[in-house]
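Here the structure is laid out as structure tokens; the discussion comes afterwards.
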Amino acid sequence: MILEGNQYQIQGHMLTDIAEEFGTPLYVYDGDRIVEQYNKLKKAFSGIDVKLKYAAKALTNINIVKLLKEAGAGFDAVCINEVKLALKVGFEPKEIIYTPNCVAFEEIQEAIALGVNINIDSLPFLEKVGEVYGNDLPVCIRINPHIQAGGNANIQVGHIGSKFGISILQFDEILEVVEKYNINVVGLHEHTGSDILDTDVFLKGAKVLFGKAKHFPNLKFLDFGSGFKVAYKDGDVITNIPELGEKMTEAVQEFFKEHGKELEIWFEPGKFLVSESGHFLVRTNIIKETPACTFIGVDSGFNHLIRPMLYSSYHHIANISNPEGRRKVYNVVGNICETDTFGSDREIAEARVGDFLAFKNSGAYGFEMSSNFNSRLKPAEVLIYKGKAQLIRKRQVFDDLLRDQIEIDL
Ligand SMILES: *Cc1c(COP(=O)(O)O)cnc(C)c1O
């Protein structure tokens, strides 16, 4: 989003025009920005051939998935339906990695039948895979390195109390099961969480996997997951991607020498690729003065963007209809029957009823986590790509709320 002549625009499209044309609440994505982010990450590792598997759970609109496929990305799925989406878009099964947690074993078997890379994250399922498939199935093992990192307790997934992966402290048991069934281990995986600032955390995690690689002679890849942090506020510290690229490249090349052969290096970025591309546009319904503060009440709520309430995340809020207005302090809230504060004590250009506000950094885990709470309809989505703004998801209508319900005789 560029403030040009004090107008908020993406690729020459005024965001206020987009809001008028497509209505609000509305998610708008800058497709060119997504490709830029992909290339930035790819370039940071130019010394080694890294494969970037898009963690699609951040934003699964089929057009975004296609766009990243065209850019050269692979696909990281956490659910069988994401596997099916990737195949539908045309990814080769070998470009897809399926990393489920606590799903039914039958779901894993379904993914196995589809031929994608399987990431096993528990000892019972490793045992089961051994029992059922013996040596026939190439498997990746998700290790929990117990490195505590990440922006918020809910997105820290590598620590000792986390449900993810097989604990590094149970590594001997992993080896026992692998030997017992002669399991063909082709990959080792870790993902320590989101919003990791310190590049050394990535290196620490990488070294854990480097140290275990020698136990698996058929190893083809190491997957270091994700956790790249983006800036939500001006001046926010972010993961230093060039620095990370340099340090990782050096560490990986050193490891290759020790290991005696090269392996593929994978990452699974979600937020990094799509967060900054997305803007969530809402309309001001009411300005409500109270003895304590002034509220801007907008035509949305945590049913459309839950990150501020779930993760206490910060989204910059701009009044795109009155960018030059006098700045005032507001609490921006939604319209549902639940406390749904998007931002407190925010300095925003004076808002009037009807003004459009834009929430920045809404591309990742925005629409994707939306719901129909309060019987509110889900927003539409627009993609601006190569200069063209197009609707990529219809706004829901009343009938959508009843679509899956079955009315019985009472
Ligand atoms: C969520 C997730 C990611 C993506 O995390 P981001 O912080 O969005 O980049 C990658 N890998 C796995 C296994 C995940 O669960």
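The values are calculated or read from the model by the stated rules, or taken from the named source; none is laboratory data. All figures in this text were calculated on a predicted structure; none of them were measured in a lab. Glycine gets a Cβ as well: all are built from the backbone with ideal geometry, and neighbour counts include every protein chain shown.
Every residue in the range 263-295 that is within 16 Å of the ligand (Cβ to nearest atom) and among the hydroxyl-bearing types (Ser, Thr, Tyr), please. Answer for the range 263-295, where residues must be within 16 Å of the ligand (Cβ to nearest atom) and among the hydroxyl-bearing types (Ser, Thr, Tyr): Ser275, Ser277.
Going through Ala71, Ala77, Ala19, Ala55 one at a time, which residue ends up being free of Cβ contacts under 8 Å to residues at least 60 places away in the same chain, among the hydrophobic types (A, V, I, L, M, F, W, C) and either surrounded by 23 or more Cβ atoms within 10 Å (Cβ to Cβ) or farther than 30 Å from Glu190 by Cα (or both)? The unique qualifying residue is Ala77. Quick one: in the range 30-58, which of the residues that are in contact with a Gly (Cβ under 6 Å, 6 or more places away or on another chain) and either among the hydrophobic types (A, V, I, L, M, F, W, C) or at pLDDT below 95 (or both) is nearest to Glu243 (Cα to Cα)? Out of the qualifying residues, it is Ala44.
Being at pLDDT 90 or above and touching a Leu at 6+ places or on another chain (Cβ under 8 Å) holds for only one residue in Val208, Val178, and it is Val178. Selection over the range 350-377 of residues that are touching a His at 6+ places or on another chain (Cβ under 7 Å) and over 26 Å from Ser321 (Cα atoms) gives a count of 0.
Residue-by-condition table, conditions (1) under 26 Å from the mean Cα position of the chain (by Cα); (2) away from the ligand (no atom under 16 Å from the Cβ); (3) among the β-branched types (Val, Ile, Thr):
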residue: Glu179; (1), (2), (3): no, yes, no
residue: Val201; (1), (2), (3): yes, no, yes
residue: Lys204; (1), (2), (3): yes, yes, no
residue: Phe221; (1), (2), (3): yes, no, no
residue: Asn240; (1), (2), (3): yes, no, no
residue: Met248; (1), (2), (3): yes, no, no
residue: Glu254; (1), (2), (3): no, yes, no
residue: Lys257; (1), (2), (3): no, yes, no
residue: Lys261; (1), (2), (3): no, yes, no
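Listed conditions (1) of a type in the set (A, V, I, L, M, F, W, C); (2) surrounded by fewer than 24 Cβ atoms within 10 Å (Cβ to Cβ); (3) away from the ligand (no atom under 16 Å from the Cβ) are all met by Val298, apart from (2). Has the range 304-325 got any residue that is within 16 Å of the ligand (Cβ to nearest atom), part of a helix (DSSP H, G or I), crowded, with 20+ Cβ neighbours inside 10 Å and outside the structural domain of Ser226 (by TED's automatic domain parsing)? Yes, some residue in the range 304-325 is within 16 Å of the ligand (Cβ to nearest atom), part of a helix (DSSP H, G or I), crowded, with 20+ Cβ neighbours inside 10 Å and outside the structural domain of Ser226 (by TED's automatic domain parsing). One residue stands out among those in the range 275-303 that are in a loop (DSSP other than H, G, I, E, B) and under 24 Å from Gly363 (Cβ atoms): the one that is nearest to the chain's Cα centre (by Cα), which is Ser275.
When the range 28-49 is examined, which residues are found to be of a type in the set (Gly, Ala, Ser) and within 15 Å of Ser275 (Cα to Cα)? Steps first, please.
First pass over the range 28-49, keeping only residues of a type in the set (Gly, Ala, Ser): 31, 44, 46-47.
Within the range 28-49, Gly31 is the sole residue that qualifies.
In the set (1) more than 16 Å from the ligand (Cβ to nearest atom); (2) in the same structural domain as Leu175 (by TED's automatic domain parsing); (3) over 23 Å from Leu52 (Cα atoms), the condition left unmet by Asp236 is number (1). Only one of these conditions is not met by Val83: (1) closer than 18 Å to Gly225 by Cα; (2) touching a helix residue (DSSP H, G or I) at 6+ places or on another chain (Cβ under 7 Å); (3) surrounded by fewer than 24 Cβ atoms within 10 Å (Cβ to Cβ). Which number is it? With (1) closer than 18 Å to Gly225 by Cα; (2) touching a helix residue (DSSP H, G or I) at 6+ places or on another chain (Cβ under 7 Å); (3) surrounded by fewer than 24 Cβ atoms within 10 Å (Cβ to Cβ) applied to Val83, the lone miss is (3).
All conditions in (1) part of a helix (DSSP H, G or I); (2) out of contact with any Ser or Thr (no Cβ under 7 Å at 6 or more places or on another chain); (3) surrounded by fewer than 20 Cβ atoms within 10 Å (Cβ to Cβ) hold for Gly245, with the sole exception of (3). Taking the criterion of being of a type in the set (A, V, I, L, M) and either crowded, with 22+ Cβ neighbours inside 10 Å or in contact (Cβ under 8 Å) with a residue 60 or more places away in the chain (or both), the residues of the range 86-105 that qualify are Ala86, Ile96, Ile97. The set of residues in the range 181-222 that are charged (D, E, K, R) and not in a loop (DSSP other than H, G, I, E, B) comprises Asp200, Lys204, Lys207, Lys212.
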